[in-house]
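Each value in this text was obtained by applying a stated rule to the coordinates, not by laboratory testing. Keep in mind that this is a model prediction, so the values were computed, not measured. All Cβ positions, even for glycine, are placed from backbone atoms using ideal geometry, and neighbour counts span all protein chains on display.
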Amino acid sequence: MERRKKRTLPLELTTSNQDIYTVPARFTADVNSIYINNASSSAVTFSLDWYEAATTTYHTLAETVELPANSLLQITDYPLFLVKDDKIRGLASANSAVHISISIEEFFETSLN
C-alpha cells in the first residue's frame, strides 16, 4: 500500500547551512520544484546541496549562484527523487533576503524497512 502527500515548504535562508527538508522514515519523496526569491534591493548569492544518506555524500545543486535584486529563480526542470534521510540544505550570502519554496510529493512505503 502506498499513500502520498503533497507539501510546499517555505524557508528564509541564513548565512549558515541549514536543512530545508529531510525525507521522513518510511517515505520516499519527489522534489518537484524549487523556487528561490531575493526579496532585497541588492544582489545576493545562494547555495543548495542534496545530501544522499545512503552514501553520506553532499551533492551540489547550486553553488554561489547570484540572484539580482527583487528576483525569482526556478532551479528544477525535473523532479529530484529522494529516499529516507536524504535532505536538501542551503545558505545565502545575506540574512533576511533569500526565501526558498520547495514543492514535494511524499510517498509512504509500507515495504521499506
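Applying the Kirkwood pairwise sum to the alpha-carbon positions of the chain produces a hydrodynamic radius of 14.5 angstrom. Simple point charges give the picture: +1 on the Cβ of Lys and Arg, -1 on the Cβ of Asp and Glu, and for the stretch 2-109 a dipole about the Cα centre of about 340 debye.
Quick one: which of 3-10, 32-39, 78-85 comes out on top by average Cβ neighbours within 10 Å, and what's the full order, highest first? Spell out each step's value before the answer.
On the way: 3-10: 11.1, 32-39: 18.4, 78-85: 15.0.
Ranking the peptides 3-10, 32-39, 78-85 by packing returns 32-39, 78-85, 3-10.
Hey, quick one: spin label on Glu12, modelled 7 Å out along Cα-Cβ, who in the stretch 52-81 has an amide N within reach, i.e. under 17 Å? Only 70-71 pass the distance filter. With both labels modelled 7 Å from their Cα along Cα-to-Cβ, the Glu63 to Ser101 distance reads 3.0 nm. Name the residue farthest towards the positive end of the dipole of the chain from the options Thr56, Ala92, Ile34, assuming +1 on Cβ of Lys and Arg, -1 on Cβ of Asp and Glu, about the Cα centre. Result: Ile34.
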